[in-house]
Amino acid sequence: MEGKHSRWSSQPRPCDLLRKIREFTRAIVEDLSNGRSPEILIDRFRNYCTKPDSNCYCSSGVPILKETLTLRRESHLRRLDVLLRVLVIVQQLLQENRHGSKRDIYYMHPSVFSDQSIVDRAINDICILMQCSRHNLNVVSVGKGLVMGWLRFSEAGNMFDCINRPNTAFPVPIHVEEVKDIVSVAKYILVVEKESVFQRLANDQFCNTNHCIVITGRGYPDISTRRFLGLLVDTLHLPTYCLVDCDPYGFDILSTYRFGSMQLAYDAKILRVPEILWLGGFLLDSEKYQLPQQCLLPLTAQDKRKTEAMLRRCYLQREVPEWRLELQLMLERGVKFELEALSVHELNFLSAVYIPSKIQGVYKIDIDAEQGTVKVSGKVNPSTLLMVLDGSGKHAELKSLTFDGEVKEGYDCFGQDGYGYGPGYGYGHEHGYGYGHGYNPYAVPPYYPCPPFGGYDYYDPSRLIMMPLSPLPPPPPPLQLPSTSSSVPQQSQPLQLQSQTQSLPPQPPALPQPGNATKRVAKSEDSSGKKSRCVIM
């Protein structure tokens, strides 16, 4: 899939910024030469307030007030000194087409600046005065973000082919404005909070199985990571999910991706990603996935203060009230947990069960370690679930299905009694959902067809551009399950899966098929002759 991005289409050019700098300094010199004290007006922005019941304009990009700097105040005099010194450095960077970091600028006048925060404030003031972003000033930060998955792009002539090694971490590009030729066959983008979770997914070959892009900012994301994520969302138009720890700091990182930070509120429209969805972790996941009590940690006094402060943010009440309810529940119960706690079940539980269940539509998972079974309730195709487990190195067999209140034992989800690879709709006959023609109703929106079994051949340009409802190559033949005869070596006891189902909306009539299609249909009929419909809850 390819696309064009428009998030930074109105960014100023270096020549325009140099002109603005000259006009700004000329105005100050004219005031001083005429015996007037210069007054510099700086707009102030915020991305949230603590009055959720008021009609605020925090997210509109409109300044809430103006701050006036004048030579009449000693504190303002020092700020103007720092601002003009930094402005001279920025002018030099733009004229020479070079880049520097905030730390570089600090060490050019360490005795004057005395602290890095003073330089940071001056850079933000210059961005507001020049009506631009920090990267437009050629001031960049050291990137710390990582990306992997089904993605290929170039930066300043250097090609980053993540598709060739989808489980290898690549650094997020620093000069995002120079990123071009973005190509992807991913189905969604997954943002994870911590590098440890990112590495867990890489070790489990998560991207091979799930055809996605995974990004981490390694904690609070830097500007490059947020800009790169925004570029991918604008270009690829893929569903974007965020996975963070179930604690106040994880929630704050999630909010930074979606709503921006207070420090860079003036640039929130460019840095925030409003399309991002919260995938987990939720406090009730500790019950849904049966985490032991020892995995739940008590909230500290600092955690509680931070949570209470976040609950007062206006955007929670105005835009995502369901997030606020989750935060309230965390505060009421006084506990938190890390995503790594899911490893209590199995090392790859996060990648093999938790994330796929969140995205594919699993509502509940009951694990019986003694019996070696997992009961799955949700709106998910059992064949998809088995493929996910198989791709993670876990052999599993379907023990039974429950649909329309009827239990079917020993159901074969690979074409013998239902799911199969046929081109049509409906469960319980040969035209099953699955990996043939038509769309996959359980795929991530916007319901792109499922990838073929061999993966994508990314060297074929005709298949790099995924269009909604595009036809796929002919489906593979039905898989033949191993015989239970004595000639076949016995495998270790497989993990047994049980699925509960519920009714789907009315389905189109089954299409006639040659060969033994009639026998397959007959197997799905009950004693009354009425055909059953299998739907996963």
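Total residues in region 310-343 satisfying the condition of being over 21 Å from the mean Cα position of the chain (by Cα) and in a loop (DSSP other than H, G, I, E, B): the figure is 3. Within region 237-257, being open to solvent by less than 10 Å² (accessible area, probe 1.4 Å) and either over 13 Å from the mean Cα position of the chain (by Cα) or of a type in the set (S, T, N, Q) (or both) holds for 240, 245, 246, 248, 250, 251, 255.
Among the residues of this structure, residue 263 does not count as one that is free of Cβ contacts under 8 Å to residues at least 12 places away in the same chain and open to solvent by 20 Å² or more (accessible area, probe 1.4 Å). If you go through region 165-202 and keep only what is among the hydroxyl-bearing types (Ser, Thr, Tyr) and in contact with a Gly (Cβ under 9 Å, 6 or more places away or on another chain), you end up with just 184. Contact annotation: residue pairs with Cβ atoms under 9 Å, 6 or more positions apart or on different chains, pairing a residue in region 79-96 that is closer than 15 Å to residue 139 by Cβ and open to solvent by 10 Å² or more (accessible area, probe 1.4 Å) with a partner that is among the basic types (Lys, Arg) and not in a helix (DSSP H, G or I), are 92/98. Just to be sure, is residue 362 at pLDDT below 90 and closer than 25 Å to residue 213 by Cα? For residue 362, the condition - at pLDDT below 90 and closer than 25 Å to residue 213 by Cα - is met. Would region 253-272 turn up any residue that is more than 18 Å from residue 45 (Cα to Cα), modelled with pLDDT of 90 or more, not β-branched (Val, Ile, Thr) and not in a loop (DSSP other than H, G, I, E, B)? Yes, region 253-272 contains a residue that is more than 18 Å from residue 45 (Cα to Cα), modelled with pLDDT of 90 or more, not β-branched (Val, Ile, Thr) and not in a loop (DSSP other than H, G, I, E, B).
Say we look at region 201-231 and pick out the residues that are under 15 Å from residue 148 (Cα atoms) and among the hydroxyl-bearing types (Ser, Thr, Tyr); which of these is most open to solvent (accessible area, probe 1.4 Å)? Result: 209. Is there a residue being open to solvent by less than 20 Å² (accessible area, probe 1.4 Å), assigned to a helix (DSSP H, G or I), under 21 Å from residue 339 (Cβ atoms) and at pLDDT 95 or above anywhere in region 187-200? For region 187-200, residues open to solvent by less than 20 Å² (accessible area, probe 1.4 Å), assigned to a helix (DSSP H, G or I), under 21 Å from residue 339 (Cβ atoms) and at pLDDT 95 or above: present. If you filter region 141-180 down to residues that are in a strand (DSSP E or B) and of a type in the set (Phe, Trp, Tyr), you find that the one that is nearest to residue 219 (Cα to Cα) is 170. Screening residue 48 with (1) without any contact (Cβ under 8 Å) to a residue 60 or more places away in the chain; (2) open to solvent by less than 70 Å² (accessible area, probe 1.4 Å) gives one miss only, at (1). On inspection, residue 169 fails the criterion of being touching a residue at least 40 places away in the same chain (Cβ under 8 Å) and small (Gly, Ala, Ser). The residue that is nearest to residue 11 (Cα to Cα), among those in region 266-310 that are open to solvent by 20 Å² or more (accessible area, probe 1.4 Å) and of a type in the set (Phe, Trp, Tyr), is 266.
The values are calculated or read from the model by the stated rules, or taken from the named source; none is laboratory data. This is a predicted model, so every value here is computed, not measured. Every residue, glycine among them, receives a Cβ derived from its backbone with ideal geometry; neighbour counts consider all protein chains shown. Remember, those area values only see protein heavy atoms, side chains included, never the ligands or the DNA or RNA. Shrake-Rupley method; radii C 1.70, N 1.55, O 1.52, S 1.80 Å.
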